[in-house]
Amino acid sequence: MRYRRLGSTGLMVSEISFGTIPVLQGSVPVLPDYFNLTDHEAVAVMDHAFRLGCNLYDTAIVPEYGDAEKKLGKFAASINREKIIISDKARFFDGNEMYMAVLASCENLGTWPDIYFVHQADPAHEEEIFGKGGALDALCQLKQEGRIHFAGLASHYYDILLRGAGDGRVDVLQGSGNLLERGMLDRIQQEPSFRRKGLFINKVFAAGMLPRFFPVETLIKTVLSYPVSSALIGIGSIEQADQAMGWDTWNPKVFVPDFDQVVSVLEKDFLPIACNRCQRCRCPYGTEIHTIFRQYNYYYLGKDYWALRKLNMGIEHSAFMCRACTDMPCMSMCPAKIRIPDMIELADRLVNAHCP
C-alpha cells in the first residue's frame, strides 16, 4: 500500500480506502455485492484491509449506511485507534441538524470521527449548506470543540465541489468518478484550487458494475492517475479487500485506457451514450442531462431496475421540454458534441418500453 498527503490536513492516507456500505446488515437488495455481515464478520474484513495497509475507513450515520457506522466503531476499538483515520458523514444541511448528527455519530462510533462530511450536497441545498448557520458552520464549531478534526464536503456536482475548494472552512472534499465518468476528474485536474484540499473519490466501480468489463486494477489506477488523495472502494469480503488492495498501484503493466478506448470496450456489449459527465451542459428547463445519460448507461451496465426507477422520476417531462426547445444551448456547451435531444429521446423510449 502507498500513501498520499490529504491536502493541508497533515494526514497521510492510504491510496485505497475502505468504504463500509457493503458491511452493513439489513434489507438493502439494491446494493452491489450485498453481504449482510454480522459484527464479527465485518470487523474481520476491516482488520484484513488494515493488515494490507489501509488506514482510511469511510462510513455514514445510522441509518443512512445501516449499522456500518457501529461496526466501524467496534473495529476501531479492537486496534490502536490512532492508526486509522475515520471519515464519517450525514445528509443534513441545516447547522443544528448537522451538529446533532455528529454527536450521534460519535456515540455510534464510540470514538471521534477524524473527518466529517456534509453528505450529497446538491444545488437545491447549496446556499443552506454554505450560508450562515448552515452545515459547514456547524462543522467548524465542532472542530473548535474538538469533536471532529476536519470538515468535509461530499457532492456529485462539480460546481459545488469547486465552491468547497475555495471555502476556508472545508478541509477535505469527496466526489465521484471512474474511468467512464471521468469528466469531473478531468476538470478537477485542470483547476488549481483543488490542490489545497484533500480529495476522496467514490463510485470508482460505478456501483459495482464496471468490474464486469475492466480489471479492478485498471479501474483503481485510472482514478489514482488524477490528483486525488484516495480511491474509496466499497468492500464486503476478504476476497474483495485482496482484490482492491493486494496489488502494486505503481505497476507499469496496469494499463490506463483513455475515454474512447473505454467506450469501445462497452460497445461490444451495448451502445453507450458517450458522456463522461463533465457537467458543462446546461438545460434552460433544469434537466440534469448528465444524470439522465448516466442512468441510461447504468441500465445496460447491469443496474437495470435502479436505473429505470430513477429515469422514470422525470424523463417524460424532460423529453417533452427537450422536444419543445428551439435554442438547444446544451449542444453548443457539450465538448463531445453529443446530439443531446436525440439521446434524451432514446432514454424516454427506454422507459416507455419497460414502464408503460
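Values quoted throughout were computed directly from the atomic coordinates according to the rules given, and no laboratory measurement underlies them. From a predicted model like this one, the values you see are computed outputs, not experimental measurements. With ideal geometry, Cβ positions are generated from the backbone for all residues, glycine too; neighbour counts draw on all protein chains shown.
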Read-out Rg and Dmax of the Cα atoms in Å, derived from the coordinates shown; its label in [x] 20.1, 62; [y] 24.5, 84; [z] 25.5, 90
[x]
Under 23 Å from the Cα of Lys303 - lysines, other chains or at least 8 residues apart
Lys203, Lys268
Show which lysines lie in cross-link reach of Lys71 when reach means a straight Cα distance below 21 angstrom and same-chain residues fewer than eight apart are skipped.
Lys83, Lys89
Of the convex hull enclosing the alpha-carbon atoms of segment 270-354, the direction-averaged projected area in nm² is 5.0 nm²
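Where in the chain are the DSSP H helices whose alpha-carbon span along the long axis reaches 20 Å or more and whose Kyte-Doolittle mean is at least 0.0? List each step's numbers first, then the result.
On the way: long enough: 95-109 (21 Å, 0.35); 340-354 (22 Å, 0.20).
Span-like helices here: 95-109, 340-354.
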List the cysteines of the chain that have no other Cys Cβ closer than 4.7 Å: which are they?
Cys54, Cys106, Cys140, Cys275, Cys278, Cys283, Cys322, Cys325, Cys334, Cys355
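Order 191-198, 177-184 from most to least packed using the mean count of other Cβ atoms within 10 Å. Please report the intermediate quantities before stating the final value.
Working: 191-198: 16.8, 177-184: 24.4.
Going by the mean number of other Cβ atoms within 10 Å, highest first, we get 177-184, 191-198.
Which entries of Lys197/Lys253; Lys70/Lys221; Lys143/Lys197 show an alpha-carbon separation above 24 angstrom in the structure shown? Don't skip to the end; give the middle numbers.
On the way: Lys197/Lys253 30 Å; Lys70/Lys221 31 Å; Lys143/Lys197 17 Å.
Beyond 24 Å between Cα atoms: Lys197/Lys253; Lys70/Lys221.
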Cross-link reach list, aspartates and glutamates versus Lys132, counting only Cα pairs under 12 Å and skipping chain neighbours closer than eight places:
Asp94
